[in-house]
Amino acid sequence: MIDQALDNAIADGKTYGNPDDQHALFTRLRQEDPVHWSEPEGFRPFWTVSKHADIMEIERQQDLFTNAPRSKLFSIEFEDKVRSLMEGNSNLVRGLPQMDGMEHRTYRQITQAWFLPKQIKQLEERITQLAQRTVADLEQRSGETFDFYTELAAWYPLRVIMLILGLPESDEAELLRITNAYFGGSDPEMQKGSDLFQATRDFIRYFDGVSENRRAHPTDDVASVIANSVIDGKPIGHHEASSYYIALAAAGHDTTGGTAASGLLALIQHPDQWRRLQAEPDLIPSAVDEFVRWASPAKHFMRTAKQDYVLRGKNIKRGEALLMAYPSGNRDEDVFDEPFAFRIDRSPNRHLGFGFGAHMCLGMMLAKMELQILFRQLLPRVHRFELAGEPAWVQTSFVGGVKRLPVRVTMRS
Ligand code: HEM
């Protein structure tokens, strides 16, 4: 029998705006129905996959479970609107997450080298400067109460993205506005009067200018690599280039900012872990992985079965969609020792926060380095962080984390 309230909660952004509700829902699903046929009102049905092993089983078999045609959960109303706007296509953009097979490999290869550890390492010094700037901003606020996310954590990853895309500092505020609207989901506070259609149009308009500029004047940034790439002997298409920029600008921002703020919140709530990290900075890399597991800012991606398949005894039919619930896989009792304990030295930590397989996060090494550098700069300077109000999370079933983190900070003198 369908439990309508449970199914609706899976698709409802509000569930994810409250971590306790989110984890209660998925703990129940992992125990009672780990591969759950879900029929939320206003959405086409899909399977909700909540166990770590099952998510891995899907992610590992990219040829059997494809990203197209349904890589994310959208309401029927939204999908219809997209189809009417996009001449029958069910996606507003066609970036890496919407591609499969050879085409996906070809497009991913355009920037892959840019995101490998060797290349990322070359950015270390400049990213450190951006982190130092963030900590300097914090110094100014010593003794004050302010919102760590909106005033600090949201800016740092944006500046890193702008650094790799080679975008001018004067565009910061505009890009932040568009990204928030793009990822705000159903959260009215994040959308600020805009919507996903408008945000996509704004992104395209912005990046069209960047593309034209880099074709005329190529530099060594990622924007130039994309703008001047050649696919099957032809210059990259207009829509594909815009989609690529959008994927990078959008994917690299809220995820990393949300993780930084969620990581800080977890440290404030676990003072023993905070003291240990300050005393043992060598634990920063494993702490960052624990931040990502704990926050799981990407709530899901979807796949579609190319053929009939049996997953944990459930008969998945060809053409049916599966929603991989990463925050759930990351609290799976069968994989993680005490999954609800926040431990900066967790090892092993085989979390799924960056996904897995062919689509595994392209920016993973960059995100990890970025977060490690930020906390390496922050920890020795801060004497104390205190919560100065209620934190709040983005109400979205897709990507988001802490959106408000009122804190009081005392810096070391
Ligand atoms: C803590 C930060 C981040 C988290 C948690 C995260 C998470 C994810 C997840 C879960 C996926 C989907 C993986 C899958 O389908 O298996 C993904 C894909 C992707 N991410 Fe990230 N991400 C982060 C930061 C970044 C950054 C900094 C960038 C780039 C600047 C980036 C760029 C991308 C791109 C381009 C994809 C699509 C890859 C593909 O489909 O081949 N991400 N990310």
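Does Gly263 meet the test of being at pLDDT below 95 and within 16 Å of the ligand (Cβ to nearest atom)? No; evaluated as a whole, the condition is false for this residue.
Scan the range 277-302 for residues that are of a type in the set (Phe, Trp, Tyr) and within 18 Å of Gln395 (Cα to Cα) and the total you get is 2. In the range 151-175, which residues are open to solvent by 50 Å² or more (accessible area, probe 1.4 Å) and either within 17 Å of the chain's Cα centre (by Cα) or within 16 Å of the ligand (Cβ to nearest atom) (or both)? Scanning the range 151-175 gives a single hit, Trp155. For the residues Asp272, Asp220, Asp195, the requirement of being modelled with pLDDT under 90 and either crowded, with 22+ Cβ neighbours inside 10 Å or more than 20 Å from Val394 (Cα to Cα) (or both) singles out Asp220. Note on the range 268-318: residues that are assigned to a helix (DSSP H, G or I) and within 16 Å of the ligand (Cβ to nearest atom) total 12. Looking across the range 262-291, the residues that are touching a Lys or Arg at 6+ places or on another chain (Cβ under 8 Å) and not charged (D, E, K, R) come down to Gln273, Pro281, Leu283, Ile284, Pro285, Ser286, Val288. Applying the selection to the range 99-112, what residues are touching a residue at least 12 places away in the same chain (Cβ under 8 Å), aliphatic (A, V, I, L, M) and more than 8 Å from the ligand (Cβ to nearest atom)? Once the filter is applied, which keeps residues that are touching a residue at least 12 places away in the same chain (Cβ under 8 Å), aliphatic (A, V, I, L, M) and more than 8 Å from the ligand (Cβ to nearest atom), the range 99-112 yields only Ile110.
Whether any residue in the range 133-145 is within 15 Å of the ligand (Cβ to nearest atom), assigned to a helix (DSSP H, G or I) and surrounded by fewer than 17 Cβ atoms within 10 Å (Cβ to Cβ) is what I want to check. No, every residue in the range 133-145 fails to be within 15 Å of the ligand (Cβ to nearest atom), assigned to a helix (DSSP H, G or I) and surrounded by fewer than 17 Cβ atoms within 10 Å (Cβ to Cβ). Which residue pairs have Cβ atoms under 7 Å apart, sit 6 or more places apart or on different chains, and have a first residue in the range 15-44 that is touching a residue at least 60 places away in the same chain (Cβ under 8 Å) and a second that is among the small types (Gly, Ala, Ser) and part of a helix (DSSP H, G or I)? What qualifies is Thr15/Ala9; Phe26/Ser328; Leu29/Ser328; Arg30/Ser328. For the range 232-254, a tally of residues being closer than 15 Å to Gly95 by Cβ and either within 9 Å of the ligand (Cβ to nearest atom) or open to solvent by less than 20 Å² (accessible area, probe 1.4 Å) (or both) returns 14. Among the residues of the range 311-325, those that are open to solvent by 10 Å² or more (accessible area, probe 1.4 Å) and in contact with a Lys or Arg (Cβ under 9 Å, 6 or more places away or on another chain) comprise Arg312, Arg318, Gly319.
I want to confirm something. Restricting to the range 77-98 and keeping residues that are among the small types (Gly, Ala, Ser) and away from the ligand (no atom under 16 Å from the Cβ), which single residue is nearest to His300 (Cα to Cα)? The selected residue is Ser90.
Filtering the range 346-363 to residues that are among the aliphatic types (A, V, I, L, M) and either in contact with a Leu (Cβ under 6 Å, 6 or more places away or on another chain) or open to solvent by 40 Å² or more (accessible area, probe 1.4 Å) (or both) leaves Ala358, Met360.
The values are calculated or read from the model by the stated rules, or taken from the named source; none is laboratory data. A quick note: this is a predicted structure, and the numbers were derived from the prediction, not measured. In this analysis, Cβ positions are derived from the backbone assuming ideal geometry, glycine residues included, and neighbour counts consider all displayed protein chains. Accessible surface areas use protein heavy atoms only, side chains included; no ligands, DNA or RNA. Shrake-Rupley method; radii C 1.70, N 1.55, O 1.52, S 1.80 Å.
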